[in-house]
Amino acid sequence: MFADGLDLDTAEHIAGELGLVGDPAGALAHLVDASMIDASFEGRTRYRMLETLRAFGHDRLVAAGELDDANDRLLRWAWDLAGWIDRTAASESEPDADATLRREVRNLAAAWRLARAPGRFDDAVALLVRLREACSWRDLIEIRGWGDELINDPELAGHPREAEVLGTAALFAYHRGDPEFAARLARRGLARATSPAGRWFCLEGLALAESSRGEWAGCRRHALEAAAGTGPR
């Protein structure tokens with residue numbers, strides 16, 4: 001369930017997925033008038049469920065055996081949003097991506113907690129990697145911490161995307177001012193890379209770490225090697 005409310009576009013998208021009839025905007029307006037949902041009109045309008053109703057809704061989902069489906073929907077929403085942010089942050093619409101990321105960070109964090117449940121390691125990796133570039137240059141410390149969480153998870157060893165996670169954590173370590181740790185992670189990832197993306201992530205992290213330490217020959221070599229590859233996408 002969304003931890004920090006949602007906007008009308010998201011509500012309409014979810015209603016469409018569920019096949020609900022009627023107008024979502026009208027339904028939300030009715031719930032606001034009935035004091036069952038709070039509406040915040042600061043900037044983009046957001047709708048938040050009262051905590052008592054959230055708890056009631058959670059219990060009803062459990063009783064109906066629909067909690068897993070609801071959690072899956074939140075994870076799919078987060079994964080799709082992270083992909084949009086990743087693409088848009090590299091375009092002329094970067095300010096929109098930045099605003100959306102900051103607005104939805106609590107909902108993304110709720111999805112992350114779901115992704116850390118047993119059996120969902122692939123979901124956690126996908127969410128981290130998709131937010132990698134957008135979060136590395138922003139003061140979103142909580143999301144950067146997800147990288148450290150995954151590199152300490154036993155499930156990472158031998159995972160097909162192990163190098164992507166290690167390269168992501170290396171980039172985050174560089175940005176928090178720890179080039180030594182970044183270099184170690186990047187080298188560890190390069191030794192395990194099985195995909196162009198994993199290798200690219202680790203080469204980038206290693207080149208940045210070397211630039212921080214004044215190791216210009218290595219920085220140049222690894223930066224050029226990364227540039228000669230296919231890139232992260």
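Please go through (1) in contact with a helix residue (DSSP H, G or I) (Cβ under 9 Å, 6 or more places away or on another chain); (2) assigned by TED's automatic domain parsing to the domain that holds residue 171; (3) without any contact (Cβ under 8 Å) to a residue 40 or more places away in the chain for residue 119 and return the number of the only condition it doesn't satisfy.
Against the list (1) in contact with a helix residue (DSSP H, G or I) (Cβ under 9 Å, 6 or more places away or on another chain); (2) assigned by TED's automatic domain parsing to the domain that holds residue 171; (3) without any contact (Cβ under 8 Å) to a residue 40 or more places away in the chain, residue 119 comes up short only on (1).
Each row is one residue, and each column tells you yes or no for (1) of a type in the set (Asp, Glu); (2) within 23 Å of the chain's Cα centre (by Cα).
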| residue | (1), (2) |
| --- | --- |
| 20 | no, no |
| 24 | no, no |
| 40 | no, no |
| 46 | no, yes |
| 50 | no, no |
| 66 | yes, no |
| 72 | yes, yes |
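In the list 44, 60, 48, which residue meets the criterion of being of a type in the set (Lys, Arg), exposed (fewer than 14 other Cβ atoms within 10 Å of the Cβ), touching an Asp or Glu at 6+ places or on another chain (Cβ under 9 Å) and not in a helix (DSSP H, G or I)? Can you show your working first?
Values: 60 fails: not in a helix (DSSP H, G or I); 48 fails: exposed (fewer than 14 other Cβ atoms within 10 Å of the Cβ).
Selected residue: 44, the only one of 44, 60, 48 that is of a type in the set (Lys, Arg), exposed (fewer than 14 other Cβ atoms within 10 Å of the Cβ), touching an Asp or Glu at 6+ places or on another chain (Cβ under 9 Å) and not in a helix (DSSP H, G or I).
Select from the range 15-41 the residues that are in contact with an Asp or Glu (Cβ under 8 Å, 6 or more places away or on another chain) and either acidic (Asp, Glu) or at pLDDT 85 or above (or both) and list them in ascending order. Reasoning before the result, please.
Filtering the range 15-41 for residues in contact with an Asp or Glu (Cβ under 8 Å, 6 or more places away or on another chain) gives 24-25, 32.
Passing the criteria: only 32.
In the list 110, 39, which residue meets the criterion of being outside the structural domain of residue 17 (by TED's automatic domain parsing), closer than 19 Å to residue 5 by Cβ, among the hydrophobic types (A, V, I, L, M, F, W, C) and outside any loop (DSSP other than H, G, I, E, B)? Spell out the reasoning first.
Working: 39 fails: outside the structural domain of residue 17 (by TED's automatic domain parsing).
Going through 110, 39 in turn, just one is outside the structural domain of residue 17 (by TED's automatic domain parsing), closer than 19 Å to residue 5 by Cβ, among the hydrophobic types (A, V, I, L, M, F, W, C) and outside any loop (DSSP other than H, G, I, E, B): 110.
If the requirement is being at pLDDT below 95 and charged (D, E, K, R), which of these qualifies: 149, 155, 225?
The conditions single out 225.
Taking the options 48, 60, name whichever one is touching a Gly at 6+ places or on another chain (Cβ under 7 Å) and either in contact (Cβ under 8 Å) with a residue 12 or more places away in the chain or not small (Gly, Ala, Ser) (or both).
After applying the criteria, what remains is 48.
I'd like to know if the range 188-205 contains one or more residues that are in the same structural domain as residue 164 (by TED's automatic domain parsing), surrounded by fewer than 16 Cβ atoms within 10 Å (Cβ to Cβ), assigned to a helix (DSSP H, G or I) and at pLDDT 95 or above.
There is at least one residue in the range 188-205 that is in the same structural domain as residue 164 (by TED's automatic domain parsing), surrounded by fewer than 16 Cβ atoms within 10 Å (Cβ to Cβ), assigned to a helix (DSSP H, G or I) and at pLDDT 95 or above.
For residues that are aromatic (Phe, Trp, Tyr) and within 30 Å of residue 125 (Cα to Cα), scanning just the range 42-77, find the one that is modelled with the highest pLDDT.
77
Would you check which residues across the range 89-107 are outside any helix (DSSP H, G or I), touching a residue at least 40 places away in the same chain (Cβ under 8 Å) and over 12 Å from residue 133 (Cβ atoms) and list them? Lay out the reasoning, then the answer.
Let us first name the residues in the range 89-107 that are outside any helix (DSSP H, G or I), namely 89-93, 104.
Now drop any that are not touching a residue at least 40 places away in the same chain (Cβ under 8 Å), which leaves 89-90, 104.
Within the range 89-107, 104 is the sole residue that qualifies.
The values are calculated or read from the model by the stated rules, or taken from the named source; none is laboratory data. Owing to the predicted nature of the structure, the values given are computational and were not obtained by experimental measurement. Backbone-built Cβ (ideal geometry, glycine too); neighbour counts: all protein chains shown.
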